[in-house]
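The values are calculated or read from the model by the stated rules, or taken from the named source; none is laboratory data. None of the values given here were measured: they were computed from a predicted structure. Cβ: placed from backbone, ideal geometry, glycine included. Neighbour counts: every protein chain shown.
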Amino acid sequence: MAALSIKETLWASIDKRSEELIKLCSDMVKIPSENPPGNVDDIVLFIQNYLSNKGIKHKLVGPDSKYPSIVAGIGEGPSLVFNGHCDVVPAGDKSRWNFDPYGGEITSSAIRGRGTSDMKCGLGAALFTMALVHDEKVPLNGRVEIHVVPDEETGGSFGTKWLVENGYADNAFVCLVAEPTGADTCEVGQKGQVRIHLSVAGKAAHGSIGNYVGENAILKTMKILSHIDELRKIKGSYSPTQHQVLIDSKDMAEAKLARPGVGNVIDSVTVNPGIIKGGTKVNMVPDLCETDIDIRIPIGLSSEELISNFEGLLHELNLDKVGYKYETSEANFTEVSEPIVKTLVKNAESVWNKRVIPAYQWASSDARYYRLKGIPTLQYGPSNTEGIHSYNEDVDIVDVINAAKIYVGVICDLLVEST
């Protein structure tokens, strides 16, 4: 049987078993796995049981019992790795939801609840896909593997990062992360990140004489923050092969976010002072102010260059008793000429019958850990953007079914031997 015929057979099976796929996703949504606090034991056990019932070998790994990751797979040889996280952001104020965030409600057109788009339905589609290929005894010229991780929403250090650093991706030749992108976009690059913890010291005094005595750490911090937007003028740099992706990415950002000029988030530095803590009492001159700043850096700009510009800004302000520490991750990308990109775009366009655009993302995800190891990696998954990290999150059923078909198509094109 030719590979195309195998693909068509599997696509037909997905249509026949679509209720099974949708129920799997709904059942996963019904299991709270909010991070923070990060307790994923119940959802991990559910996925383990699903894999066991499907006869798929798997193991539980991780730095300790608090951070369990599942590594599962079928076949032997170089691996096509699917990645998905099973943690979700907190539901927040449930009175602001129009439905139970953990009800897993299935309507005529959608699945509703926290984690539907980000990203239990993408993860469910990947799990279902691997189980289907196993059920149908598809002959593989390699291995299909899945990494289910517990802590993407808090940085991924004890999930995907740990897996990559401990050899679990050593056999991977490509990786597909089932993060939400929507039907018409596959993510092939992401901005880097610099998180700065700024600590500014002053001198305490009574508030009534604070304009003459003491040194106000909050006012000193304000001087720095009033100039920090200068960093936004820094642009990334792109090779000739990346220019079209950059243009498409900026257009995509403008369309999805619907804000004038928002496309600039793709190729410019963005700065967000997210947390400020200062002072002890209102009638005391504060002697310490601490600020956490989230800076995103575009492709073509290193974290070292960004820090150098930040230090230059501090030098110009010439303030004393200013300290800082920082954590970084670099911008990363996969070339659109890579087979994984071409294969996914081809299958997505075939399933959806419309153009699918490789694009750079303004945020970051666990994809960076695979890319920084040299593994061609992209993201593609079902999504309704409006509810992600907000209220009334949902995902369209057709998006989930089509994601499974696209994942199957990628497996067939990259791993199924012609017969």
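Residues checked against (1) under 36 Å from the mean Cα position of the chain (by Cα); (2) modelled with pLDDT under 95; (3) more than 11 Å from CYS289 (Cα to Cα):
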| residue | (1), (2), (3) |
| --- | --- |
| ILE196 | yes, no, yes |
| VAL200 | yes, no, no |
| SER208 | no, no, yes |
| GLY214 | no, no, yes |
| ILE218 | yes, no, no |
| HIS227 | yes, no, yes |
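Identify all residues within segment 133-153 that are of a type in the set (D, E, K, R), assigned to a loop (DSSP other than H, G, I, E, B) and within 29 Å of the chain's Cα centre (by Cα); write none if there are none. Of everything in segment 133-153, just one residue is of a type in the set (D, E, K, R), assigned to a loop (DSSP other than H, G, I, E, B) and within 29 Å of the chain's Cα centre (by Cα), namely ASP151. The set of residues in segment 318-341 being among the hydrophobic types (A, V, I, L, M, F, W, C), under 26 Å from CYS412 (Cβ atoms) and assigned to a loop (DSSP other than H, G, I, E, B) consists of VAL336 alone.
Could you list all residues from segment 249-274 that are over 17 Å from ALA331 (Cβ atoms) and aliphatic (A, V, I, L, M)? Hits for segment 249-274 are MET252, ALA255, LEU257, ALA258, VAL262. Screening TYR407 with (1) buried (at least 16 other Cβ atoms within 10 Å of the Cβ); (2) at pLDDT below 95; (3) not aliphatic (A, V, I, L, M) gives one miss only, at (2).
Against the conditions (1) surrounded by fewer than 17 Cβ atoms within 10 Å (Cβ to Cβ); (2) touching a Leu at 6+ places or on another chain (Cβ under 7 Å), ILE276 satisfies every one except (2). Restricting ASN98, ASN83 to residues that are loosely packed, with under 13 Cβ neighbours inside 10 Å and either assigned to a helix (DSSP H, G or I) or touching a residue at least 12 places away in the same chain (Cβ under 8 Å) (or both) narrows the list to ASN98.
Taking the condition free of Cβ contacts under 8 Å to residues at least 24 places away in the same chain, surrounded by fewer than 22 Cβ atoms within 10 Å (Cβ to Cβ) and farther than 25 Å from HIS243 by Cβ, does GLU349 pass? No: the conditions fail for GLU349. Residues of segment 320-330 that are surrounded by 14 or more Cβ atoms within 10 Å (Cβ to Cβ) and over 20 Å from the mean Cα position of the chain (by Cα): LYS321, VAL322, TYR324, TYR326. Taking every residue in segment 45-66 that is assigned by TED's automatic domain parsing to the domain that holds PRO150 and pairing it with any residue that is of a type in the set (S, T, N, Q), at least 6 positions away or on another chain, the pairs with Cβ-Cβ distances below 8 Å are HIS58/GLN48; HIS58/SER52; LEU60/GLN48; LEU60/SER69; VAL61/SER69; VAL61/ASN166; GLY62/SER69.
All of SER226, SER237 fail the test of being over 12 Å from VAL285 (Cβ atoms), in contact (Cβ under 8 Å) with a residue 24 or more places away in the chain, polar (S, T, N, Q) and surrounded by fewer than 16 Cβ atoms within 10 Å (Cβ to Cβ), apart from SER237. Against the test of being under 29 Å from ALA403 (Cα atoms), assigned by TED's automatic domain parsing to the domain that holds TYR212 and within 24 Å of the chain's Cα centre (by Cα), the options PRO298, PRO273 yield a single qualifying residue, PRO298. If you scan segment 54-73, which residues turn out to be surrounded by fewer than 20 Cβ atoms within 10 Å (Cβ to Cβ) and either out of contact with any strand residue (DSSP E or B) (no Cβ under 7 Å at 6 or more places or on another chain) or part of a strand (DSSP E or B) (or both)? LYS54, GLY55, HIS58, LYS59, LEU60, VAL61, PRO63, ASP64, SER65, LYS66, TYR67, VAL71 - these are the residues of segment 54-73 that are surrounded by fewer than 20 Cβ atoms within 10 Å (Cβ to Cβ) and either out of contact with any strand residue (DSSP E or B) (no Cβ under 7 Å at 6 or more places or on another chain) or part of a strand (DSSP E or B) (or both). Residues in segment 350-384 that are assigned to a helix (DSSP H, G or I) and in contact with a helix residue (DSSP H, G or I) (Cβ under 8 Å, 6 or more places away or on another chain): SER350, VAL351, TRP352, TYR369, TYR370.
Scanning segment 101-124 for residues that are farther than 19 Å from GLY381 by Cα and surrounded by 19 or more Cβ atoms within 10 Å (Cβ to Cβ) yields a count of 2.
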